[in-house]
Amino acid sequence: MVRAALPITALFLSLVLLTSGNTMLGTLLAVRLELEGFRAALSGLILAFYAIGFVLGTMYGIRIIQRVGHIRAFAVFGAVTSAVILVHPMFVSTDLWLVLRLIIGFCIAGLMLITESWVNTIATAQTRGTLLAIYLLLFYLAAASGQFLIAAGDPATHLLFSVAAILVSLSLIPVLLTRTVAPEIHESERLGVRELYETAPLGIIGGFVSGATMSAFNTMGPIYATRVGLEITQLSLFMGIGVLSAMLFQWPVGFISDRFMRSRVVFALALAGIGAALLATVAGRTSNVALFLTGGIYVGIVASLYPVCLALTHDQMPHNKIVPANATLLLCFGLGTIAGPIGSAVLMTVTGPEGLFVFAAIALVALAARAAYYLRHQPQVPVTEQEHCVAVAPVSTPVLMELDPRSTTYGETPAGADEQRAAAG
């Protein structure tokens with residue numbers, strides 16, 4: 001693994017710094033909004049604008065990259081992000097913060113596009129799996145570190161904003177100094193959402209629900225933690241445990257989904273997520289230890305949904321449509337990340353902090369109902385014909401999906417396999 005990572009050490013270092021700073025900022029802003037007395041519904045709307053910017057960035061950021069090149073675009077996106085971070089504590093304004101979150105989301109998407117395209121270009125058929133595993137491991141560890149850094153200062157001051165800006169600024173240095181040849185990057189082809197839904201309905205619904213439940217926790221989790229009485233050190237631990245749980249659940253759930261019918265795995269994950277969410281609503285008022293445990297289990301479950309739904313979609317698609325299907329499913333996940341903060345914030349306004357997990361339970365009930373219907377009325381892909389389930393990062397662009405080791409088999413489908421998959425979908 002070390003040998004495979006050596007040529008792109010600079011890129012991985014940039015990834016770690018960027019992810020730490022960005023994750024830290026997301027939690028910091030949620031806490032600061034709460035300290036400033038913003039209503040939960042308004043906080044959710046402000047925080048959701050990051051997801052809107054990110055989705056737009058994955059779609060249109062590539063045009064900036066193509067126009068000025070990877071290095072210049074990386075410098076621009078990073079400089080704008082650092083500057084915008086520092087503006088937040090200067091002017092606490094609803095309208096301004098909406099715009100700032102939109103800008104940061106767009107720029108982070110551009111930075112991720114560049115980083116992931118570089119990793120993907122360097123990867124070979126033999127190193128794809130290794131590099132993707134390294135990428136995911138570093139991403140999750142960096143995201144957890146960003147959460148833990150929240151406890152290093154007072155969210156009511158400018159200090160933590162400066163730390164986040166410094167981390168993002170430092171992430172520019174390894175890339176700007178690298179001698180690795182910049183790759184070409186092309187706009188990702190997508191299937192129409194309706195076309196994908198007709199072929200893989202459970203995959204697309206599961207992708208949306210996974211995005212909604214994950215983003216609800218990531219954005220409104222700090223506000224929930226503040227309102228149930230957690231101190232800042234406990235809050236950072238609560239959020240950090242969630243990130244680490246998301247990482248740890250990926251591989252065992254993937255192992256299980258390779259050995260059982262995937263639609264049943266989605267159904268089981270939805271039921272388990274409902275149970276964990278409901279337990280968390282009680283634990284938040286009783287015991288911090290119980291809250292950390294149930295919250296971690298909940299995040300681990302919903303973070304595992306997307307890789308399983310992605311693999312389920314692969315099982316049902318002709319191989320020549322898998323790459324554009326990946327991009328469309330990721331778009332649906334992104335739309336879910338927009339809906340999650342808004343929906344959970346509204347319920348938190350109506351029902352109190354527990355509305356965060358109530359929202360998750362409602363979303364997962366809808367998914368479980370769709371999975372149950374799917375199991376009864378749709379033909380299933382046999383386990384022996386299922387694709388291998390691969391862990392994926394919760395924050396990525398369509399470019400990263402090209403690093404998926406399964407992409408090496410595109411075009412090498414046995415005779416008749418595509419027809420069997422299409423019939424099963």
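The values are calculated or read from the model by the stated rules, or taken from the named source; none is laboratory data. If you're wondering where the values come from, they're calculated on a predicted model, not measured in any experiment. Glycine gets a Cβ as well: all are built from the backbone with ideal geometry, and neighbour counts include every protein chain shown. The accessibility values were calculated without ligands, DNA or RNA, using every heavy atom of the protein model including side chains. Shrake-Rupley method; radii C 1.70, N 1.55, O 1.52, S 1.80 Å.
Counting only heavy atoms of the protein chains, get the accessible area per residue of the chain (1.4 Å probe) and round it to a whole Å² value.
38 Å²
Using 7 Å Cα-to-Cβ label points, what is the Thr157/Leu86 separation (nm, one decimal)?
My value for the distance between the label points is 1.8 nm.
In the chain, with Lys and Arg counted as +1 and Asp and Glu as -1 at Cβ, which of these residues, Val302, Ala268, Leu100, has the Cα nearest the positive end of the dipole, that is, farthest along it?
Leu100
Over the Cα atoms of the stretch 206-254, how large are the radius of gyration and the largest Cα-Cα distance (Dmax), in Å?
Here Rg and the maximum Cα pair distance are 12.3, 35 Å.
With just the Cα atoms of the chain, tell me how far they stretch along each of the three principal axes, in Å, largest first.
Its Cα atoms span 63, 53, 36 Å along the three principal axes.
What is the distance, in nm, between label points placed 7 Å from the Cα along the Cα-to-Cβ direction at His388 and at Val99?
If labels sit at His388 and Val99, their model points lie 4.9 nm apart.
About the Cα centre, and with charges only on the beta carbon of Lys, Arg (+1) and Asp, Glu (-1), how big is the dipole of the chain? Nearest 20 debye, please.
The dipole magnitude comes to about 200 debye.
Modelling each spin label as a point 7 Å along the Cα-to-Cβ direction, I'd like the Leu176/Val282 distance in nm, to one decimal.
5.4 nm
In whole Å, how far is the Cα centre of the stretch 199-235 from that of the stretch 261-293?
Taking the Cα centre of the stretch 261-293 as reference, the centre of the stretch 199-235 is 12 Å away.
So which helices of the chain fit the span-like rule, where a helix is a whole DSSP H run, its Cα atoms reach 27 Å or more along the axis, and its mean Kyte-Doolittle is at least -0.5?
Taking the DSSP H segments of the chain (at least 27 Å long, mean hydropathy at least -0.5), we get 9-35, 40-68, 94-122, 128-148, 159-177, 201-227, 232-257, 262-283, 288-316, 322-351, 355-377.
Take the stretch 144-269, compute every pairwise Cα distance, and split them into 5 Å bins from 0; I just need the percent in each bin.
All Cα pairs, binned at 5 Å, distribute as 2, 8, 11, 13, 13, 14, 14, 13, 10, 3, 0 percent.
Considering only protein heavy atoms and a probe of 1.4 Å, how much of the accessible area of the chain is carbon and sulfur, as a whole percent?
Values: 10760 of 16170 Å².
With neighbouring chains kept in place, the figure for the chain is 67 percent.
Helix-only estimate, please: 222 nm mean residue ellipticity of the chain, summing -39500 (n - 2.57) across DSSP H runs of length 4 or more and dividing by its residues, to the nearest 500.
When only DSSP H runs of four or more count, the value is -26000 deg cm²/dmol.
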